[in-house]
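Data first, discussion second: the structure below is written as structure tokens.
The values are calculated or read from the model by the stated rules, or taken from the named source; none is laboratory data. In this text, all values refer to a predicted model and were calculated from it rather than measured experimentally. Note: ideal-geometry Cβ built from the backbone for every residue, glycine included; neighbour counts use all protein chains shown. Remember, those area values only see protein heavy atoms, side chains included, never the ligands or the DNA or RNA. Shrake-Rupley method; radii C 1.70, N 1.55, O 1.52, S 1.80 Å.
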Amino acid sequence: MSPVTPDHPSRTAGVRADDRTADRAAPGRRVPAPRAGGSPRGRAPLLVAAGVAAGWAALTSYLPVAIVLGLVQLGADSATLTGTLRTTLAGWLLGHGVPLQTESGPFGLAPLALTVLAFWRLTRAGVHVSRAIGARGTRSPRRALLAAGAVGIAYALFGALAAVLVGSGGPDVSLVRAAATFAVVGTLAALVGATRITAVTRLLVTRMPGPLRDGVRTGLVAGILLLGAGAGAAGLAVATGGGDAADMIGAYRTGVAGQAGITLVSLAYAPNAAVWSTSYLLGPGFAVGVDTAVRTSEVSVGALPAVPLLAGLPRGPVDGFGALLLAVPVLAGMVAGWLLARRVARLAGPERAPQRWAELLAPAALAGPVAGVLLGVAAAVSGGPLGAGRLAQVGPVGWQVGAVAAGVIAVGALLGAAATRALTRAPAQKPRTSAATPPSTGP
């Protein structure tokens, strides 16, 4: 054996430096697989995460109110910074459904655009808190409830603080009512986001029976379609009376900034008008004061406030081609039933036996109550008093809208699903041939 010298290097010594480096590095580096709940080092205490997320949701939903009502206050000669702050906080509380006690009576007509914005931001707060405590993808209902409850408690503190600031020199606000309302809204909205990010929603959907799942989906689709039709009808009515709306805005004489603020306030109540228009299409209609009614069969209103959105109110009962509006709710249900039948047929596949009628008609019938609950709740939260006098009753009656919607959507969905099922031809199935039996060649 020859010694290891520079003239006679060994076989090991002849290995290149880059090869030795690669060999040493290859087995040494191992990247651990990330766990579903996240790294413990990235987690945060529940109270801290809930406070930060709820505070950010409160700030992002309050800023639009401050901008809009700040523009309105610019047109007032006696506006002060403190008064503007109280006004904006009062509008923010109103957007969450907290009534205000003014000199003319209770004011409880919430702008649903602000309500939707706050609900969305609180949904994101539930997502962020669930991630912060490492509950992402855990399918744990307990963790989802824990995150949502923490957000609700933190949000209730912000609502109580706003009520104290508003009540110190502005409209009277119940501290208990504000805290309870913010707690409920914050918990429910955060629970939507928490169940989604923790995959609890997916778990519930997979465990839900097929007809129930299809019925809930179809009912939600029908309700959204009908709300969209109501929004389109309301927008067309306001556009038709656009001249009157412009005159109402100009009559305020608050300057350009003030008129821009009034326009934005009207847009904040646009979802309310969409819900009222949906109730009008369904039949129950809505009220714009005590002993008033706006229906397809009757329009009886008295003196109205100078509100731009009210410029699109109908002048009288529908007649002529306007009667076709009565078919819109049934058509929305039929479209939802058609989508249900198409989805059931697509999931069945061409090689599966045709679905039984009960498997199709049961979800279609269930779609009615689901849509009724959705539209009834929307109608209930879209109204409210505008004082203690004649405008103490404004908006539709929730249970009436829900009951009518449940029946109309159920009939429409049943008709649409049954017609689609009957008119769709089942694909012809090819006869099966055994691979072991050779084809006959004749005599």
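Data overview
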{"read-out": "Heavy-atom accessible area order for Trp56, Trp399, largest first, 1.4 Å probe", "value": "Trp399, Trp56"}
{"read-out": "Label-reachable residues, the range 83-101, where backbone N falls under 15 Å from a point 7 Å from Arg177's Cα toward its Cβ", "value": "90-101"}
{"read-out": "The range 356-397 - accessible surface per residue (Å², probe 1.4 Å)", "value": "41"}
{"read-out": "Spin-label pair Ala293/Ala392, simplified geometry with 7 Å Cα→Cβ offset, distance in nm", "value": "2.0"}
{"read-out": "Full-stretch length increase - Leu204, Leu347 - with 0.36 nm per residue and alpha-carbon distance subtracted", "value": "49.5 nm"}
{"read-out": "From phi via Karplus (6.51, -1.76, 1.60), per-residue ³J(HN,Hα) for the range 91-96 in Hz, x at Gly/Pro", "value": "x, 5, 5, 5, x, 9"}
{"read-out": "Stretch gain in nm, segment Ala44-Trp120, where the contour uses 0.36 nm per residue and the Cα spacing is subtracted", "value": "25.1 nm"}
{"read-out": "Pairwise FRET efficiency - Ser168 versus Val373, Cβ, R0 = 41 Å, nearest 0.05", "value": "0.55"}
{"read-out": "Extension gain (nm, one decimal) between Thr102 and Leu423, 0.36 nm per residue minus Cα-Cα", "value": "109.6 nm"}
{"read-out": "Per-residue SASA entry for Tyr269, accessible area with 1.4 Å probe, Å² rounded to 10", "value": "40"}
{"read-out": "Protein-only accessible surface order, largest first, of His96, His128 at 1.4 Å", "value": "His128, His96"}
{"read-out": "Accessible area of the range 153-231 divided out per residue, in Å², using a probe of 1.4 angstrom", "value": "48"}
{"read-out": "Asp319, Asp172, ranked by accessible area, largest first (probe 1.4 Å)", "value": "Asp319, Asp172"}
{"read-out": "R0 of 51 Å, Cβ-Cβ distance Trp357-Leu267: FRET efficiency to nearest 0.05", "value": "0.65"}
{"read-out": "Carbon and sulfur %, accessible surface of the range 174-238 computed with the full protein complex present, 1.4 Å", "value": "76"}
{"read-out": "Net charge dipole size for the range 100-172 [Lys, Arg +1 and Asp, Glu -1 on Cβ; Debye, nearest 20]", "value": "780"}
{"read-out": "Average accessible surface area per residue within the range 85-146, 1.4 Å rolling probe, Å²", "value": "43"}
{"read-out": "Rounded if a/c under 1.5, otherwise prolate or oblate - the range 58-123, Cα gyration tensor axes", "value": "oblate"}
{"read-out": "Solvent-accessible area, 1.4 Å probe, carbon plus sulfur percent, for the range 309-410", "value": "70"}
